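First comes the structure, then the notes that go with it.
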Amino acid sequence: MPKSGSLLQNFLKAGNAETILTSELYKTRASAENGIASVQNNCQTDERYDRKESANNKFYFNLKAANHQIIGSSQMYATAAARDKGIESVKNNGTSETVKDLT
């Protein structure tokens, strides 16, 4: 959970240390911890991934909770296949209970 001013943000990283999902900014540690739990609880459900294409033809996804609120967003990918690999990486890494607090 790196700190940005007085705000906290979560990053999910793959085994190669590449950031695969970035959260919104949180005002409290409790909110950031709830965001982590939400990723852990929702990352295995394919329907929670909103696959998107940007105006400049880049591909990305948002992971959403059951209430349709965005939990995290991916980077931009050059192809839909690369975006889909990113989703698989979130599914594989998102249930990890390892949290590195960088505050």
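The values are calculated or read from the model by the stated rules, or taken from the named source; none is laboratory data. Treat the numbers as computed from the prediction; the structure is a model and nothing was measured. FYI the Cβ positions are ideal-geometry reconstructions off the backbone, even for glycines, and counts take in every protein chain you see.
Out of everything in region 17-61 that is touching a Phe, Trp or Tyr at 6+ places or on another chain (Cβ under 8 Å) and farther than 18 Å from ALA80 by Cβ, what residue ends up being surrounded by the fewest Cβ atoms within 10 Å (Cβ to Cβ)?
Once the filter is applied, the top-ranked residue is THR19.
Is it true that some residue in region 32-39 is modelled with pLDDT under 90 and either part of a strand (DSSP E or B) or among the small types (Gly, Ala, Ser) (or both)?
Yes, there is a match, as at least one residue in region 32-39 is modelled with pLDDT under 90 and either part of a strand (DSSP E or B) or among the small types (Gly, Ala, Ser) (or both).
Specify the residue that is nearest to TYR60 (Cα to Cα); the eligible residues are those in region 2-16 that are of a type outside the set (S, T, N, Q) and either modelled with pLDDT under 80 or surrounded by 17 or more Cβ atoms within 10 Å (Cβ to Cβ) (or both).
Here the residue is LEU12.
Which of the residues spanning region 66-93 are assigned to a loop (DSSP other than H, G, I, E, B) and more than 11 Å from the chain's Cα centre (by Cα)?
Hits for region 66-93 are ALA66, ASN67, HIS68, GLN69, MET76, ALA78, THR79.
Sort through LYS64, LYS58 and tell me the only one that's closer than 18 Å to GLN9 by Cα, free of Cβ contacts under 8 Å to residues at least 24 places away in the same chain and not aliphatic (A, V, I, L, M).
LYS64
Would you pick out the residues in region 67-91 that are without any contact (Cβ under 8 Å) to a residue 12 or more places away in the chain and within 15 Å of ILE20 (Cα to Cα)?
ALA81, LYS85, GLU88, listed by residue number.
Sort out which residues of region 19-40 are under 12 Å from the mean Cα position of the chain (by Cα) and not hydrophobic (A, V, I, L, M, F, W, C), and write them in order of number.
Within region 19-40, THR19, THR22, SER23, GLU24, GLY35, SER38, GLN40 meet the criteria.
Suppose we filter region 71-90 for residues that are within 12 Å of CYS43 (Cα to Cα) and surrounded by fewer than 15 Cβ atoms within 10 Å (Cβ to Cβ); how many remain?
Looking only at that region, the number is 1.
Of everything in region 41-65 that's in a strand (DSSP E or B) and hydrophobic (A, V, I, L, M, F, W, C), which residue is nearest to the chain's Cα centre (by Cα)?
Here the answer is LEU63.
From the set of residues in region 16-55 that are touching a strand residue (DSSP E or B) at 6+ places or on another chain (Cβ under 6 Å) and among the hydroxyl-bearing types (Ser, Thr, Tyr), which is farthest from SER89 (Cα to Cα)?
TYR26
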